[in-house]
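*Asks:* Handing you a structure now.
The values are calculated or read from the model by the stated rules, or taken from the named source; none is laboratory data. This one's a predicted model, so the numbers in the text were calculated from it and none came from an experiment. Here Cβ is always computed from backbone atoms with ideal geometry, including for glycine, and neighbour counts include all displayed protein chains.
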Amino acid sequence: MNYKAHLLVQMTSFVLIPVVVKAITVALGTGGKMNRALLAGMAITSATPTTISSNVVMTANALGNESLALFNAAMGSLLGVFISPLIVLVLLQGTPESPEGKHGMSYSKILRDLGTTILFPILFGQIYLYYFPRSVQWMKSRAHFPTLNSACLLILVWKVFCDAFHNHVFDKVRPLEIVVIGILEGAVFWAATFFLGIVARVRPRKVMILKIMQRARFLNHEREPSLLEHQSNASAVDTSVYPCTDLHLPRTGVPWCESMSKPDTVAILFCGATKSVAMGIPMIKILYTSGPGSSLAGLLATPLLIYHVEQLFFGAGMVSWLKKWVSRGEETLASFDPVPHTHGEDSLLNGNGHDSDHGRNRNKWSSTDRINYGATSVPVASSAAQ
């Protein structure tokens with residue numbers, strides 16, 4: 001199990017993005033120039049888990065790890081039933097838009113309603129699929145489930161906004177505020193995407209190892225006798241130390257220096273920064289079902305719908321670029337393999353037509369200048385770099 005990828009996606013979705021959005025809403029809410037309900041809707045958007053269908057489809061189109069995307073999307077939806085309401089209560093604590101207080105919603109009541117609305121249908125569907133797979137296949141051949149799912153979600157969104165327009169909620173909202181929310185949410189999406197890409201692909205230890213390799217090649221010419229002595233000693237190969245003084249590499253360093261694969265990175269990029277409108281709209285309806293909250297539901301759902309449209313637009317633009325990036329293949333430490341010198345090259349280096357003892361020693365070291373660390377081999381010192 002790729003626990004590092006799972007942890008990165010879920011921590012970004014449930015911790016990093018809500019913290020960033022909380023800082024933004026606090027900064028904009030202090031001046032009183034922005035509509036507080038829109039800011040609260042932006043906070044609710046940040047608390048929702050990653051989406052499912054679009055993530056898996058875009059990951060597959062970009063040659064990413066489809067199973068990783070599907071697992072994180074499903075796990076995020078299950079965790080969101082328990083975590084998302086708690087994040088909303090924390091982010092909106094002490095504000096007029098909080099589900100607690102005058103709206104009379106506690107965490108236990110929210111959890112019960114969300115479990116009945118979201119978790120129970122998922123569990124029932126999985127149990128039914130396990131015991132009656134043939135009937136499920138028959139229904140799939142007769143009904144187009146994705147279209148049915150989208151139609152149900154569209155009806156729910158339509159009802160929410162009908163209530164909002166009926167109560168004239170948008171009369172006090174300026175168009176500029178909607179534009180600002182869209183710009184801020186787009187910035188949050190790209191900031192989270194770049195963060196995920198950097199964490200998934202950049203490894204400080206990899207940079208350190210490459211510097212060690214460069215330093216080892218530089219010192220190879222001055223410490224040729226000691227290198228050959230280490231090479232002839234079988235026990236020296238089993239150690240976790242480079243054959244250069246003061247250059248040490250832990251045996252566990254090489255596996256950790258490798259970044260995540262490109263297909264895994266694609267799945268992480270599509271899953272970590274996206275938000276689920278299918279989870280957010282029902283949660284808003286449950287959180288604000290009575291009193292003045294029912295009229296606010298449409299306004300609170302506006303940032304979520306804006307974010308949903310933006311992530312679809314941005315994701316579609318990323319697919320073609322990521323597909324080309326994955327098609328180029330991986331760049332690993334194996335690409336730094338040394339190229340041994342030939343007899344003619346050593347002769348030119350020595351300035352005559354005869355191979356000297358020093359040239360033979362250089363060729364001898366070049367053919368064996370690889371030290372194995374478990375399943376990973378790392379080139380350490382090569383005369384080709386001289």
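*Asks:* What do you reckon, is residue 76 of a type in the set (Gly, Ala, Ser), in contact with a Pro (Cβ under 6 Å, 6 or more places away or on another chain), more than 24 Å from residue 179 (Cα to Cα) and surrounded by 24 or more Cβ atoms within 10 Å (Cβ to Cβ)?
*Replies:* Details: of a type in the set (Gly, Ala, Ser): yes; in contact with a Pro (Cβ under 6 Å, 6 or more places away or on another chain): yes; more than 24 Å from residue 179 (Cα to Cα): yes; surrounded by 24 or more Cβ atoms within 10 Å (Cβ to Cβ): yes.
Considered against the rule, which asks whether it is of a type in the set (Gly, Ala, Ser), in contact with a Pro (Cβ under 6 Å, 6 or more places away or on another chain), more than 24 Å from residue 179 (Cα to Cα) and surrounded by 24 or more Cβ atoms within 10 Å (Cβ to Cβ), residue 76 comes out as yes.
*Asks:* Does residue 51 satisfy the condition of being of a type in the set (Val, Ile, Thr), in a loop (DSSP other than H, G, I, E, B) and assigned by TED's automatic domain parsing to the domain that holds residue 191? Walk me through how you get there before you give the answer.
*Replies:* Values: of a type in the set (Val, Ile, Thr): yes; in a loop (DSSP other than H, G, I, E, B): yes; assigned by TED's automatic domain parsing to the domain that holds residue 191: yes.
So residue 51 passes the test.
*Asks:* Inside the range 280-307, can you point out the residues that are modelled with pLDDT of 90 or more and either surrounded by fewer than 24 Cβ atoms within 10 Å (Cβ to Cβ) or not in a helix (DSSP H, G or I) (or both)?
*Replies:* The answer is 305, 306.
*Asks:* Now a separate question. Checking residue 313 against (1) outside any helix (DSSP H, G or I); (2) modelled with pLDDT of 90 or more, which single condition isn't satisfied?
*Replies:* The one condition residue 313 does not meet is (1).
*Asks:* For the range 71-79, indicate whether the set of residues that are within 16 Å of residue 312 (Cα to Cα) and out of contact with any strand residue (DSSP E or B) (no Cβ under 8 Å at 6 or more places or on another chain) is non-empty.
*Replies:* The answer is yes, given that some residue of the range 71-79 is within 16 Å of residue 312 (Cα to Cα) and out of contact with any strand residue (DSSP E or B) (no Cβ under 8 Å at 6 or more places or on another chain).
*Asks:* While we're looking at this one, here's another question. From the list 34, 105, which one is more than 24 Å from the chain's Cα centre (by Cα), closer than 25 Å to residue 309 by Cβ and touching a residue at least 24 places away in the same chain (Cβ under 8 Å)? Spell out how you get there, then give the answer.
*Replies:* Details: 105 fails: closer than 25 Å to residue 309 by Cβ.
None of the others qualify; the one that does is 34.
*Asks:* Then there is this: Going by the structure shown, is residue 142 modelled with pLDDT of 85 or more, assigned by TED's automatic domain parsing to the domain that holds residue 55 and not acidic (Asp, Glu)? Spell out the reasoning first.
*Replies:* Details: modelled with pLDDT of 85 or more: no; assigned by TED's automatic domain parsing to the domain that holds residue 55: yes; not acidic (Asp, Glu): yes.
The answer is no for residue 142.
*Asks:* Please find, within the range 158-180, the residue that is farthest from the chain's Cα centre (by Cα) out of those that are among the acidic types (Asp, Glu) and surrounded by 14 or more Cβ atoms within 10 Å (Cβ to Cβ).
*Replies:* Only one residue tops the list, namely 163.
*Asks:* Given the residues 155, 183, which is the only one that is out of contact with any helix residue (DSSP H, G or I) (no Cβ under 9 Å at 6 or more places or on another chain), surrounded by fewer than 16 Cβ atoms within 10 Å (Cβ to Cβ) and closer than 21 Å to residue 46 by Cα?
*Replies:* Result of the check over 155, 183: 183.
*Asks:* Further question on the same structure: May I ask you to verify whether residue 122 is under 30 Å from residue 288 (Cα atoms) and aliphatic (A, V, I, L, M)? Spell out the reasoning first.
*Replies:* Working: under 30 Å from residue 288 (Cα atoms): yes; aliphatic (A, V, I, L, M): yes.
So residue 122 passes the test.
Quick grid of which residues meet (1) aromatic (Phe, Trp, Tyr); (2) within 18 Å of residue 303 (Cβ to Cβ); (3) part of a helix (DSSP H, G or I):
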| position | (1), (2), (3) |
| --- | --- |
| 108 | no, no, yes |
| 122 | no, no, yes |
| 138 | yes, no, yes |
| 148 | no, no, yes |
| 155 | no, no, yes |
| 165 | yes, yes, yes |
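*Asks:* What's the number of the only condition in (1) in contact (Cβ under 8 Å) with a residue 40 or more places away in the chain; (2) within 25 Å of residue 274 (Cβ to Cβ); (3) part of a helix (DSSP H, G or I) that residue 99 fails to meet?
*Replies:* Here residue 99 meets the rest and fails (3).
*Asks:* Among the residues of the range 105-145, write down those that are hydroxyl-bearing (Ser, Thr, Tyr), within 30 Å of residue 89 (Cβ to Cβ) and surrounded by 12 or more Cβ atoms within 10 Å (Cβ to Cβ).
*Replies:* 106, 107, 117
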